[in-house]
Amino acid sequence: MIDRRDMLPARDKSLSLFRVEQFGGDALGVLKDINGNAALVAILGVNASLFDIMPAGLRVHSEVILALSNGEKLGEFLLDPDKALQAPIDLDKNSTRFPLHATIRLERGILSTWNSEAYWPTLAVAFAIGALFGRLS
């Protein structure tokens with residue numbers, strides 16, 4: 001059971017987010033205060049396939065992580081969890097509206113060897129995620 005003191009408030013103080021442990025993995029809990037005596041709670045399942053946003057050529061050399069601002073992971077996509085990324089670089093974005101943090105981690109060397117023409121769609125995805133967080137702020 002989660003206590004309100006463990007929930008992370010959004011910029012709109014009537015909305016709070018929290019991590020929920022489930023049998024199949026973690027989920028995102030959302031609490032919306034209706035008034036002083038009532039609130040709505042939703043539990044949203046988080047599946048790793050939601051974070052499979054990298055092109056095939058980068059997928060094996062990257063990982064995508066969504067976490068709460070307190071560091072609790074909500075979900076991640078890593079093709080081979082037993083293989084550590086070599087000299088990774090992180091592309092991070094914090095939401096100004098919600099207590100969420102997104103990270104795209106790539107092996108530094110893969111960017112120099114990967115087809116630069118095909119790299120532009122990846123940058124577009126990274127910028128779209130950044131724009132989404134910006135729009136939500």
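The values are calculated or read from the model by the stated rules, or taken from the named source; none is laboratory data. Just so it is clear, the model here is predicted, and its values are computed rather than measured. With ideal geometry, Cβ positions are generated from the backbone for all residues, glycine too; neighbour counts draw on all protein chains shown. Ligands, DNA and RNA are stripped out before the accessible areas are found, and what is left, the full protein with its side chains, is counted by its heavy atoms. Shrake-Rupley method; radii C 1.70, N 1.55, O 1.52, S 1.80 Å.
Fully extending the segment from Ala39 to Ala128 would add 28.8 nm, taking 0.36 nm per residue of separation and subtracting the current Cα-Cα distance.
Please give the length that would be gained between Asp80 and Arg4 if that part of the chain were fully extended, namely 0.36 nm times their separation in residues minus their C-alpha to C-alpha distance (nm, one decimal).
Full-extension gain reported as 23.8 nm.
Residue by residue, the stretch 85-94 carries 3J(HN,Hα) couplings of 6, 8, 6, x, 10, 10, 10, 10, 8, 9 Hz when phi is fed to the Karplus relation 6.51 cos²θ - 1.76 cosθ + 1.60 (θ = phi - 60°); x denotes Gly or Pro.
Over the chain, what is the relative contact order in whole percent, taking alpha-carbon pairs under 8 Å and six or more residues apart?
Reported relative contact order: 19 percent.
Per residue, the accessible area of the stretch 1-71 comes to 62 Å², computed with a 1.4 Å probe over protein heavy atoms only. The GNM of the chain, with springs linking C-alpha atoms under 10 angstrom apart, assigns the highest mean-square fluctuation among Leu100, Leu74, Leu40 to Leu40. The lysines within cross-link reach of Lys83, meaning a Cα-to-Cα straight distance under 27 Å and a gap of 8 or more places when in the same chain, are Lys73, Lys93. Kirkwood hydrodynamic radius, the stretch 36-100, all distinct C-alpha pairs: what's the number in Å? Over the stretch 36-100, the inverse of the mean reciprocal pair distance is 14.0 Å.
The listed peptides 89-95, 64-70, ordered by packing as a protection proxy, come out as 64-70, 89-95 (highest mean of other Cβ atoms within 10 Å first). Where does helix 116-136 land angle-wise versus the long Cα axis of the chain, in degrees 0 to 90, nearest 10? The helix 116-136 is inclined about 10 degrees to the chain.
Think of the chain as a dipole: +1 on every Lys or Arg Cβ, -1 on every Asp or Glu Cβ, centred on the Cα centre; then among Ala124, Phe51, Thr113, Ala124 lies furthest on the positive end. Run the accessible area of the chain with a 1.4 Å probe and give the carbon-and-sulfur part as a rounded percent. Whole-percent figure for carbon plus sulfur exposure: 56.
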